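Read the structure below first, then the notes.
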Amino acid sequence: MAQQPLPDADPTIGRLVSDASRDFSSLIRNEIQLAKTEVQLSVKAGGAGIALFAAATFFIVMSLIMLSVAIAYFINWNGQGLALHWAFLIVFGFYALLAALLAFIGIRKVKKVRAPEKAIAQANETKAILKRG
């Protein structure tokens, strides 16, 4: 009886190229997804900082008009409290401190915005691997 040749267990070159292409495509997609995720987190932190700046601006503009006048007159208490000029100065100082606090918190939030470090490192690693061949 004649023996039949065993099927070749090694994949063909075409199969290897196809697998490598699929794996490379998957790797690139995953790196892009990682970069998107990191950028989204940074944008959220930056958005919170910008929102705090907007809140600080809103409070400076709106509150200094009506609330400042009301508080200054409350401090004056129909002439029996501090003089009106001192009352208005106290109110102004309070709102200036409030705005400074909100701006400080906003700056800290904006400084948390970072580049997608993990994605960049992974892309550099992939680039180095591909260069080695």
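The values are calculated or read from the model by the stated rules, or taken from the named source; none is laboratory data. The model shown is predicted, which means the values in this text are computed figures rather than measured ones. Note that we place each Cβ from the backbone using ideal geometry, even for glycine, and neighbour counts take in every protein chain shown.
Here are the numbers for this structure:
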item: Any chance K112 is closer than 30 Å to I28 by Cα, at pLDDT below 90 and not in a helix (DSSP H, G or I); result: yes
item: Cβ-Cβ under 6 Å pairs, at least 6 apart or on other chains, the stretch 75-104 side free of Cβ contacts under 8 Å to residues at least 12 places away in the same chain, far side part of a helix (DSSP H, G or I); result: N76/L84; N76/A87; G81/I75; L82/I75
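Every residue, every condition in (1) of a type in the set (D, E, K, R); (2) touching a strand residue (DSSP E or B) at 6+ places or on another chain (Cβ under 6 Å); (3) closer than 30 Å to Y95 by Cβ, yes or no:
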site	(1), (2), (3)
V17	no, no, no
N30	no, no, no
L41	no, no, no
K44	yes, no, yes
S63	no, no, yes
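Residues checked against (1) more than 33 Å from the chain's Cα centre (by Cα); (2) assigned to a helix (DSSP H, G or I); (3) aliphatic (A, V, I, L, M); (4) farther than 30 Å from K127 by Cβ:
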position	(1), (2), (3), (4)
G14	yes, yes, no, no
F24	no, yes, no, no
L27	no, yes, yes, no
G47	no, yes, no, yes
G81	yes, no, no, yes
I90	yes, yes, yes, yes
G93	no, yes, no, yes
